[in-house]
Amino acid sequence: MTQTASTGTAGPETAGRVQQGVGQSAGRPDATLKVTGEFAYSSDLWLEGMVWGVTLRSPHASAWIRSIDIGPALAIQGVLAVLTHEDVPGEKFYGLEHKDQPVLAIDQVRYQGEPVALVAAEHPETARRAAAAIVVDYEVREAVTDPRLATEFVRRQPVRVGDTFEAEVVVTGEYEVGMQDQAFLGPESGLAVPAEDGGVDLYIATQWLHVDRDQLAPCLGLPPEKVRLSLAGVGGAFGAREDLSMQVHACMLALRLDRPVKIVYGREESFFGHVHRHPAWMRYEHGATREGELVYVKAEILLDGGAYCSSSPAVVGNAASLGVGPYEVPNVDIVATGVYTNNPPCGAMRGFGAVQACYAYESQMDRLAAACGLSPVEIRIRNAVSQGSALATGQIIDSPAPLADMLRELAAMPMPPAATSDLLDLPGGVSQTTHGEGVRRGVGYGVGIKNICFSEGFDDYSTARVRAELIGGEPHVTVHTAAAEVGQGLVTIQAQIARTELGIERVTVATADTQVGSAGSSSASRQSYVTGGAVKAACEAVRARFDGLPPALALEKFGPIEETREYRHRPTYPMDPVTGQADSHTQLALCVHRAVVDVDVELGLVKVVELAAVQDVGKILNPLALEGQIHGGSAQGLGLALMEEIQVREGKVLNPSFTDYLIPTILDMPPMRLSILENPDPAAPYGLRGAGEPPTLSSTPAIVAAVRDATGVALTRVPVRPEHLVG
């Protein structure tokens with residue numbers, strides 16, 4: 001569906017030329033449709049003559065497959081096809097970074113929920129009954145579920161600098177982060193349509209159209225040009241749609257039957273159908289002078305990658321390179337390791353390896369502050385990076401990084417009012433479990449640093465095609481990229497850039513698809529940077545052909561003008577396998593949080609009273625959308641701090657539902673105070689700095705620090721549960 005960006009109510013002009021351009025809170029073209037329920041998500045797709053696909057999944061975390069009997073399924077009326085690994089027309093393995101994941105299980109299953117067989121039927125319920133009728137003979141074997149006992153490594157990355165590992169003040173701690181789910185509201189879904197040329201057209205909710213295609217085509221035995229993907233409406237992503245889910249399965253069925261095939265996961269299946277945030281086990285040791293200046297940091301970071309690789313190597317790299325946080329540390333000895341287990345596969349989720357490390361190093365900074373007799377803010381100010389500082393990897397921060405000033409501004413923000421006697425404002429809220437007795441208030445701080453864009457030498461670019469023409473006598477611009485709009489407001493930003501660069505109000509952003517060059521993934525807070533850069537470059541090329549004339553006159557004289565441009569950020573380099581030294585990151589972003597909580601120390605209930613945040617974004621492209629990103633990232637950080645965890649026992653997921661997997665609601669999210677700074681990065685388009693992920697890092701340790709402040713309990717694991725606070 002093409003989305004036309006409306007100019008909406010007139011506002012201040014941008015660059016003296018256009019309204020709703022860069023710097024303005026331009027309206028989202030999909031906003032009204034989403035609010036009214038009329039927006040077409042991928043699960044709403046429909047085509048005459050389509051049939052339904054269903055996936056049979058393993059109930060075991062680890063087992064040999066002795067046989068598969070599809071006869072009982074084929075005997076059910078209305079069943080059109082049942083496929084196993086023997087029916088995969090091309091390569092039988094795929095993967096985001098390594099091809100280690102089977103399209104359908106071959107001789108074994110490595111995690112609960114692994115796809116084993118596919119069914120297509122005229123009705124979805126028929127397909128479900130048929131899948132349940134397939135008889136699989138499993139020989140269950142012992143599963144490797146404790147990553148500390150795992151022997152297969154995804155990646156092991158040290159970061160080492162300096163040789164002094166003694167200090168006057170030393171604090172140590174062991175920390176654990178549970179498995180968090182992206183918990184998007186729109187389940188995995190899509191529609192595969194066989195084409196007359198023997199290829200297939202796939203309408204899909206994804207984060208990365210071209211990499212989906214490049215994984216699909218070999219498995220389908222087709223050249224890439226015969227596998228065409230178009231973005232369908234996406235109901236949230238947060239990293240979980242970087243990997244394939246039902247894409248190859250729907251296409252296999254469609255090509256087998258020569259009919260359109262739709263697959264939609266239910267909520268429970270969705271928990272098994274995508275990757276999650278890596279659980280982590282971390283041991284840290286910080287050494288400092290008595291005055292609180294860091295001398296060294298030692299750390300061991302263990303990440304459970306689950307059954308398959310996904311993006312675990314990059315997650316390990318981020319955890320290692322950012323493992324000491326935004327602090328100047330002359331001596332570092334970090335080893336980050338990702339391992340294979342028979343737990344659910346883990347991969348990308350907002351924060352991408354930096355979240356886990358941030359919880360540990362920020363907890364350590366609070367311990368160090370107490371040991372040195374300093375406040376949590378002062379210890380961070382004394383060690384804060386700034387422009388010109390070196391990361392643990394040796395990379396120099398070559399753009400503004402005013403962390404000390406950000407902390408001072410945060411600390412100076414007004415505190416929320418004291419607790420009231422209103423029962424709805426107390427821990428437990430509408431449940432009215434307390435009348436105020438046993439409620440204690442706490443304040444905590446958190447700081448995070450996140451890399452923006454892809455790192456370690458990845459060819460990270462985006463492509464944009466921009467066409468300017470007269471339609472009905474008025475100038476009009478069409479922007480076409482393959483960048484996935486996953487709810488972050490990218491469609492709006494592309495239109496804002498086109499208006500600003502070309503001085504033309506009427507802009508249409510075409511549906512993202514693979515008929516234009518790759519835009520990379522909608523992850524790593526990168527799309528405003530790279531796709532924004534590509535749209536800007538293509539618009540500049542179009543404007544150059546105006547020959548100095550106003551748009552209407554230029555287009556009347558020269559006719560339609562179209563230009564395509566690729567945009568690449570500056571190069572990055574792989575980390576040294578022994579020392580970790582490298583300029584591995586494109587850009588770095590900072591966010592700091594202060595959390596105020598009320599805790600019922602008798603019942604173990606926590607209410608987050610307020611979150612305050614200061615974030616430097618380089619350049620604000622859309623103020624309202626930016627505030628939404630900071631609120632949203634903070635909400636996911638709150639979830640990790642207090643409630644969100646996939647419970648896995650012996651490789652089995654115990655809570656695959658939104659009844660038992662809890663995410664923050666409007667009743668859990670507190671008011672927020674925001675200060676958004678604009679210190680431009682000279683290397684980035686408009687000086688912008690990716691903004692979606694940093695709030696997720698610092699909100700979690702700030703909230704947990706506030707709970708510690710209220711209770712005096714050490715709290716070394718997230719999410720914090722009531723039983724951790726009492727008893």
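The values are calculated or read from the model by the stated rules, or taken from the named source; none is laboratory data. All of these numbers come straight from a predicted model, not from anything done at the bench. Positions of Cβ are generated from backbone atoms using ideal geometry, with glycine treated the same way; all protein chains shown enter the neighbour counts. All accessible areas refer to the heavy atoms of the entire protein, side chains included, with ligands and DNA or RNA removed. Shrake-Rupley method; radii C 1.70, N 1.55, O 1.52, S 1.80 Å.
Note on segment 110-225: dipole from Cβ charges, positive end direction compared against VAL140, GLN112, GLY190; the farthest Cα belongs to VAL140. Stretched out straight at 0.36 nm per residue, the stretch from ARG290 to SER657 would grow longer than its current Cα-Cα span by 127.2 nm. Residues whose amide H falls under 5 Å from that of ALA348, counting only those 5 or more places apart or on a different chain, are SER311, with hydrogens built in the peptide plane. Between GLU650 and ARG66, residue separation times 0.36 nm minus the direct Cα-Cα distance comes to 208.0 nm. For the chain, the carbon plus sulfur part of the accessible surface works out to 51%, probe radius 1.4 Å. Solvent-accessible surface (1.4 Å probe) assigned to ASP547 amounts to roughly 110 Å². Looking at segment 606-674, the accessible area is 38 square angstrom per residue; that uses a 1.4 Å probe and ignores ligands, DNA and RNA. When DSSP beta bridges are restricted to pairs lying wholly in the chain, around 80% turn out antiparallel. Note on the chain: Lys pairs 8 or more places apart or on different chains, Cα atoms under 25 Å apart, count 11.
Near the amide H of HIS60, within less than 5 Å, lie the amide hydrogens of GLY113, all on another chain or at least 5 residues away, with H placed in the peptide plane. A helix-only calculation puts the chain at -7500 deg cm²/dmol for mean residue ellipticity at 222 nm, using -39500 (n - 2.57) for each DSSP H run of at least four residues, averaged over all residues. Per residue, the accessible area of segment 44-148 comes to 47 Å², computed with a 1.4 Å probe over protein heavy atoms only. Among the GluC sites (Glu not before Pro) in segment 30-106, those placed in a DSSP loop whose Cβ has at most 12 other Cβ atoms within 10 Å are GLU38, GLU48. Sparse packing (at most 16 other Cβ atoms within 10 Å of the Cβ) combined with a DSSP loop state is found for the following GluC sites (Glu not before Pro) in segment 623-727: GLU650, GLU678.
The label point for ASP459 and the one for VAL726, both projected 7 Å from the Cα toward the Cβ, are 5.9 nm apart. Extension gain for GLU268-PHE39 works out to 80.1 nm (0.36 nm per residue, less the C-alpha to C-alpha distance).
Taken one residue at a time, the phi angles of segment 80-88 give Karplus couplings (6.51, -1.76, 1.60, θ = phi - 60°) of 9, 7, 9, 10, 10, 4, 5, 9, 5 Hz. Gly and Pro are set to x.
FRET efficiency for the THR172 to ALA132 pair, using the beta carbon distance and R₀ = 56 Å, is estimated at 0.65.
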